[in-house]
Amino acid sequence: GGAFDGIDKIVRDRIGQKSIGFGAEIEGSNKMDSKELFSHLMPEDLLKFGMIPEFIGRVPVVVALEDLDCEALVRILQEPKNALLKQYKKLMSFDDVELVFEDDAVQAIAEEAIALKTGARGLRTILERLMLDIMYEVPSRGDVRQVIVTKASVMGEEKPKIVLAEPTDEREVVNA
């Protein structure tokens, strides 16, 4: 998989759909969307795009992939066995802290990945940026029981909410 920006123009030129000028409409009787257009991709298009023949010869199958939508990115964040959200929750559990991601926060993470055009690869980057301060702050404190990630914290408007544990008087336990 990869991003091949501009290869759609090469395929359009080959199959006879040309566009001229800024913002020009695509000429031709059958205007194809990019999904249908990429179904006509041939090895010669990859050659015109700039790939070397030795590489093209070693790729027996060329398939066009669709962009992931918001729902798919949310599922990637939550469902797999080693999903990113599960990894962060496990890391926080080592310090006896429950990590909670609100549903709209997870949705906002997926929307940000779409806006940045990074897809599933960008999810970890977004989460790293979001959790960096919390991952350093929480282990050094012994009074945190829960961290709640909200949509506002994903958007950078506020920090994730920290819920403190009930204060206990440890001196009484030690002296008893």
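The values are calculated or read from the model by the stated rules, or taken from the named source; none is laboratory data. All of these numbers come straight from a predicted model, not from anything done at the bench. Because the Cβ atoms are built from the backbone with ideal geometry, glycine has one as well, and the counts that use them run over all protein chains shown. Just the protein is used for accessible areas: all its heavy atoms, side chains included, with ligands, DNA and RNA removed. Shrake-Rupley method; radii C 1.70, N 1.55, O 1.52, S 1.80 Å.
Assorted remarks:
- All positions within segment 76-123 that are farther than 18 Å from ALA152 by Cα, open to solvent by less than 10 Å² (accessible area, probe 1.4 Å), small (Gly, Ala, Ser) and in a helix (DSSP H, G or I): GLY122
- Note on segment 108-151: residues that are of a type outside the set (A, V, I, L, M, F, W, C), under 23 Å from ARG75 (Cα atoms) and more than 11 Å from the chain's Cα centre (by Cα) amount to 4.
- Residues of segment 42-75 classified as among the charged types (D, E, K, R) and part of a loop (DSSP other than H, G, I, E, B), total: 4
- Taking residues in segment 130-151 that are closer than 13 Å to LEU91 by Cα and open to solvent by 60 Å² or more (accessible area, probe 1.4 Å), and partners anywhere that are of a type outside the set (A, V, I, L, M) and not in a helix (DSSP H, G or I), the pairs with Cβ atoms closer than 7 Å and at least 6 places apart or on different chains are PRO139/ASP95.
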